[in-house]
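Enquirer: Questions regarding the structure given below will be posed in turn.
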Amino acid sequence: MIDNNRIVKGAVIKRVIACLMIILLAVSIYGVAGKQVAVISSQCVGCGDCTKVCIKDAVVIVRGKALINTDKCNGCGLCISICSYNAIRYGGEK
Ligand code: SF4
Ligand code: SF4
């Protein structure tokens with residue numbers, strides 16, 4: 001026998017997951033309006049992981065430390081989430 005409640009619940013869950021994925025994608029592309037990230041130089045080891053995830057090409061390594069180009073950065077926070085050394089944080093408004 002077909003359990004209609006289960007089918008409806010499954011469809012709702014799929015739509016919620018799809019919506020969350022769209023929101024995540026939009027944030028990574030368009031960023032968080034007005035948010036600015038900053039590098040804590042004393043914690044940065046210059047591994048370069050943040051440069052690999054930044055889709056705006058806004059991070060470079062200069063003399064062994066990450067440097068954010070604030071003109072390019074959209075505040076998406078991908079670099080914050082990838083940094084194993086907690087060396088990037090939201091550091092104010094744009
Ligand atoms: S991922 Fe973190 S530690 Fe590595 S270069 Fe970027 S800011 Fe520095
Ligand atoms: S928040 Fe980080 S990953 Fe996102 S655009 Fe700015 S520097 Fe690049």
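The values are calculated or read from the model by the stated rules, or taken from the named source; none is laboratory data. Keep in mind that what you see is a predicted model, and the values were worked out from it rather than measured. Virtual Cβ from ideal backbone geometry, glycine too; neighbours counted across all protein chains shown.
Enquirer: Identify all residues within region 33-73 that are within 13 Å of ligand 1 (Cβ to nearest atom), within 13 Å of residue 91 (Cα to Cα) and in a strand (DSSP E or B); write none if there are none.
Expert: Listed by number, the residues that qualify are 37, 38, 39, 68.
Enquirer: Another question, if that's okay. Taking the stated definitions as given, is residue 15 among the charged types (D, E, K, R), over 13 Å from the mean Cα position of the chain (by Cα) and at pLDDT 95 or above?
Expert: no
Enquirer: Can I ask one more? When residues of region 50-82 are filtered for being more than 9 Å from ligand 2 (Cβ to nearest atom) and buried (at least 18 other Cβ atoms within 10 Å of the Cβ), how many remain?
Expert: 0
Enquirer: Here's something else I'd like to know. Every residue in region 83-94 that is over 9 Å from residue 37 (Cα atoms) and exposed (fewer than 12 other Cβ atoms within 10 Å of the Cβ), please.
Expert: 84, 86
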